[in-house]
Each structure stands twice: as C-alpha cells, then as structure tokens.
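This report concerns only the one structure given below.
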There are 2 protein chains.
Amino acid sequence: MESASVVRALGALAQEHRLAAFRLLVQAGPDGLAAGTLAEALDIAPSSLSFHIAQLANAGLVSQRRAGRSILYAADYDAMADLMGFLTENCCGGMPCAPAQCKPAKPSEKDVA
Amino acid sequence: MESASVVRALGALAQEHRLAAFRLLVQAGPDGLAAGTLAEALDIAPSSLSFHIAQLANAGLVSQRRAGRSILYAADYDAMADLMGFLTENCCGGMPCAPAQCKPAKPSEKDVA
DNA sequence: TTGATATTTCAATAATAGTTGAAATATCCT
DNA sequence: AGGATATTTCAACTATTATTGAAATATCAA
C-alpha cells in the first residue's frame, strides 16, 4: 500500500460524518446500506452524504452497487485490513508495542487449527 | 476513546508530511527526533514542520520534550495502540474479517498457548 | 552581555473541504 | 408516457488547511 493511498484513506475517515458512516457500514455487513438510509441516520442532506460517501469510495474503503432505485454502499473489509496493516506494520519497528493492539471481535476456533 | 479524538488523530495522520513525520518518529523509538532533524528529513521549512508537528502533538500522537536548544518529539505508542484499537474494535462486528488484519512485528508463540 | 543556534508564533496568501439548495439522472410503478 | 422516488451533480458560499518569510522566544557558548 502506498503512502499516498494511506493518506487518502486516513483523510476519508478523518471526518465526523464519514467516520460515522463507515462505522455504520462496517456494522451493517456485506449487504451494506442505501445512501438515503445513511443520510437519514447521520441527519445530513442527501447531497452532503453523496459528497462524503464519494470520498470513502474514492479512497477504496467502500464499494457501491445499485439495487432498484437505491444505491447500496458496503464497507470494503480488505481495504480496511490493508490500512490497518500499513499502520501496524510501521508501528513497533523493533520497539516494545502494546500487545493488545489488535482486537478482533472473535478470536474464533477455526483460525487456531 | 471518543469519536472526536479519533477524528482528530486520523486527521493528524492524513497528510503527507505528518504521516511521514510520524513514521520517522515511530521508527526512531522512544528517544525521538529533533524538530530540525524532522524538517530536514522531510525537506520542509521549519515553520511548516512546527505547524504539522503541533497537530500530531495536539492529537496526542507525539510527545515533546526539550533537550538543550532542540525540542525532541517522540511517537506515543499508547495513543497509536488506542487508535488501532478503536478502528479494529469496530471492524468485524460479527462479520468474517480478514484474519491477517493485525501484523505485529512478531506473531510470537506465547500467544498461541 | 553579545552572538549564534533551534524552534515557535504571526500575518498574509493560496488551496482545499464542507454545506446548501436547485437541477439533472436513473429507476420504478401505473 | 407520466409521475413519484432515490441519488448525484453543480454552483455559490463559508470555513479550514497548508505554505512562506519575518519577527519573537529560548538556549547555549564565549
């Protein structure tokens, strides 16, 4: 991941409404949420939501697809993981770093195998 | 960690020079680097570095201390870990998330036990 | 104290970001 | 086709961000 894309991704998340939107999408799962739903949840004008979600999309943090007259946005978990990877990769460069740095929701048995 | 501080931290990192400065400090370790050293490494004016590093400090991502006529800045590893924690905590909310999401310098056997 | 070094503060300017409402585009339903 | 719904695009405006150079502050060394 290039530094420029990291800056874009961080910039996309560094705004109240966009961070909130992204969290809603992360929690919503792969099906995502409609633009209108997000605008309503965030209590901002549709054009404003469109402006913000476009930046998340441009940063590659969310994907979009049409479903009827709605456009559904969904979090891109791979991009999220890449961003985390970049930051953590450059963290702890030999230094003693906080061990609880990563907090997956569930450690899950399948990964231990 | 509050959403507002996360936005501030992300915003602090979402800029070419600041991201570069932070990475240099992360790699430099606890001793940190002098403001002048950073300005030179990033090839920007001292006043510009001062402007940027102040934002990283304001976001709590770096600490500062005087050493002679120099002011040394150092990465705050705890703040970094907190930021990671906030983001990963809200990632994978029950969803199947990329397992390679976290990349500590060393996976280390002690965690497998 | 004087002069040199290291950094910050300030003011001015240029560029970017965010909001709003109106108009344009796409889809659905009858 | 015609009307309603969902979203985006556009233009105008305000606010914030980044850069520069000059002046101010703090430290050191003679």
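The values are calculated or read from the model by the stated rules, or taken from the named source; none is laboratory data. These numbers were taken from a predicted model, which means no experiment stands behind them. As a convention, Cβ positions derive from the backbone with ideal geometry for all residues, glycine included, and neighbour counts pool all protein chains shown. Accessible surface areas use protein heavy atoms only, side chains included; no ligands, DNA or RNA. Shrake-Rupley method; radii C 1.70, N 1.55, O 1.52, S 1.80 Å.
From the set of residues in the stretch A:14-28 that are out of contact with any strand residue (DSSP E or B) (no Cβ under 7 Å at 6 or more places or on another chain) and within 8 Å of chain B (Cβ to nearest Cβ), which is least open to solvent (accessible area, probe 1.4 Å)?
The selected residue is A:19.
This table checks each residue for (1) touching a His at 6+ places or on another chain (Cβ under 7 Å); (2) open to solvent by 10 Å² or more (accessible area, probe 1.4 Å); (3) at pLDDT 95 or above; (4) in a helix (DSSP H, G or I).
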residue	(1), (2), (3), (4)
B:5	no, yes, no, yes
B:30	no, yes, no, no
B:48	no, yes, yes, yes
B:55	no, yes, yes, yes
B:63	no, yes, yes, no
B:82	no, yes, no, yes
B:85	no, no, no, yes
B:96	no, yes, no, no
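Only one of B:32, B:11 is within 14 Å of DNA strand C (Cβ to nearest atom), over 16 Å from residue A:10 (Cβ atoms) and within 13 Å of chain A (Cβ to nearest Cβ); which?
B:32
Give me the residue from the stretch A:35-44 that is open to solvent by 60 Å² or more (accessible area, probe 1.4 Å) and assigned to a helix (DSSP H, G or I) and, out of that set, nearest to the other protein chains (Cβ to nearest Cβ).
This residue is A:41.
Could you please find all residues in the stretch A:1-49 being of a type in the set (Gly, Ala, Ser), over 19 Å from residue A:67 (Cβ atoms) and within 11 Å of DNA strand D (Cβ to nearest atom)?
A:11, A:14, A:45, A:47, A:48
Note down all Cβ pairs under 9 Å where the first residue falls in the stretch B:32-55 and is of a type in the set (S, T, N, Q), the second is part of a helix (DSSP H, G or I) and within 6 Å of DNA strand C (Cβ to nearest atom), and they're at least six residues apart or on different chains.
Pairs that qualify, where the first residue is of a type in the set (S, T, N, Q) and the partner is part of a helix (DSSP H, G or I) and within 6 Å of DNA strand C (Cβ to nearest atom), are B:50/B:35.
For the list (1) under 16 Å from residue A:19 (Cβ atoms); (2) away from chain B (no Cβ under 14 Å), I need the number of the one condition that residue A:47 fails.
Single failed check for residue A:47: (1).
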